[in-house]
Amino acid sequence: MSLTTALGSSFQRQSTAYGFWLTVPSAPVARTFLRAAVAGPVEPFSWVLVDAEHGLIADQHYYDLTTAIASEGASPIIRVPWAEEWMIKRALDSGAHGILTPMCHSAEDARKIVQYSKYPPVGSRGYGPMYAPHALPGVQAGPQYDDNADKGLMVMVQIESRSGVENVEEIANVDGLDVLLIGPFDLAKQMGVVRGGEEHEAAIQRILKACKSAGKKAAIFCTDGAQAHSRAQQGFDMVSVITDLGAMGEAIVNALGAAQGKSSGNGKPRDGY
């Protein structure tokens with residue numbers, strides 16, 4: 001039996017995989033968002049990014065979050081603070097269906113991340129997945145998990161620097177790497193260009209093209225649903241729709257504005273987390 005995940009199922013259907021960013025260490029918040037989507041007239045979320053890089057999430061929260069997300073039918077992807085082997089191991093042993101590492105600058109960086117994420121002989125991941133199967137409903141510890149762990153895992157890196165863009169074709173061709181995700185805010189800052197400007201957009205399109213040419217999945221962080229729709233139309237395979245922080249803030253202000261008989265928005269799209 002393979003470790004079939006919600007994210008993997010979306011890719012098998014050749015459809016865009018929609019997700020959201022979780023920055024607070026709250027399983028109830030994750031469940032609420034996922035259940036709201038299931039109850040609505042929309043396609044449910046297929047993945048949730050558990051942000052341990054910039055969010056308030058640490059590795060002691062991983063288990064509760066991954067098992068909660070997986071039990072609601074979505075795939076938990078953990079963004080670790082840095083591409084350290086022990087950080088990746090902790091996330092995987094806690095039940096992550098996918099691992100995302102920031103600031104991948106070169107093919108050598110990508111090869112190391114694949115190595116850290118896979119069991120020998122492919123990689124160097126230490127063995128001890130005592131709790132990982134808990135985030136894979138129906139999968140038992142032992143051979144059922146062990147024999148399929150590498151194949152079921154989504155290995156993802158972020159392209160968010162000038163060197164990452166310059167080396168993106170080589171990065172995309174690294175064996176064992178599945179997804180390249182664009183961090184547009186850092187990409188603009190690291191390149192020293194205007195976010196949303198011509199040079200910034202050209203870099204994004206170069207990354208997208210490199211992914212397609214190498215047969216890899218292209219992903220991008222989006223600030224709102226309209227931007228996510230636009231990126232999906234461009235051919236991105238994974239798009240984030242919103243963050244928990246943004247969704248809760250908007251809902252509160254909208255309700256407050258309605259209560260006061262005032263318009264709660266300024267007509268502009270969201271511009272940040």
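Per-structure values
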quantity	calculated
Dipole of the chain [Lys/Arg +1, Asp/Glu -1 at C-beta], most positive-end residue of Ser124, Gly261, Gly19	Gly261
The stretch 1-111, relative contact order in percent, only Cα pairs under 8 angstrom and at least six apart counted	24
Which label in [x] 6, 25, 31, 16, 6, 7, 5, 3, 1, 0; [y] 7, 30, 37, 20, 5, 1, 0; [z] 7, 33, 40, 19, 1 gives the computed P(r) over Cα pairs in 10 Å bins from 0, in percent	[y]
Inter-part distance where the stretch 241-264 and the stretch 111-153 are each reduced to a Cα centre, Å	41
Relative contact order for the stretch 101-203, counting Cα pairs under 8 Å that sit 6 or more residues apart, in percent	32
Mean Cβ count within 10 Å, highest first, over the residues of peptides 101-113, 6-18	101-113, 6-18
Residues of type aspartates and glutamates that Lys151 reaches as a straight line, Cα spacing below 12 Å, ignoring anything fewer than 8 places off in the same chain	Asp178
Ratio of the Cα radius of gyration of the stretch 139-273 to 2.2 N^0.38 Å, where N counts its residues	1.31
The chain - percent relative contact order, Cα under 8 Å, separation 6 or more	17
The chain - charge dipole about Cα centre, Lys and Arg +1 at Cβ, Asp and Glu -1, debye rounded to 20	440
Leading residue at positive end of dipole, the chain (Cβ point charges), from Gln115, Ala30, Ser94	Ala30
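Here, each number is a calculation from the coordinates, and none is a lab measurement. What you are looking at is a predicted structure, and each value in this text was computed from that prediction instead of being measured. With ideal geometry, Cβ positions are generated from the backbone for all residues, glycine too; neighbour counts draw on all protein chains shown.
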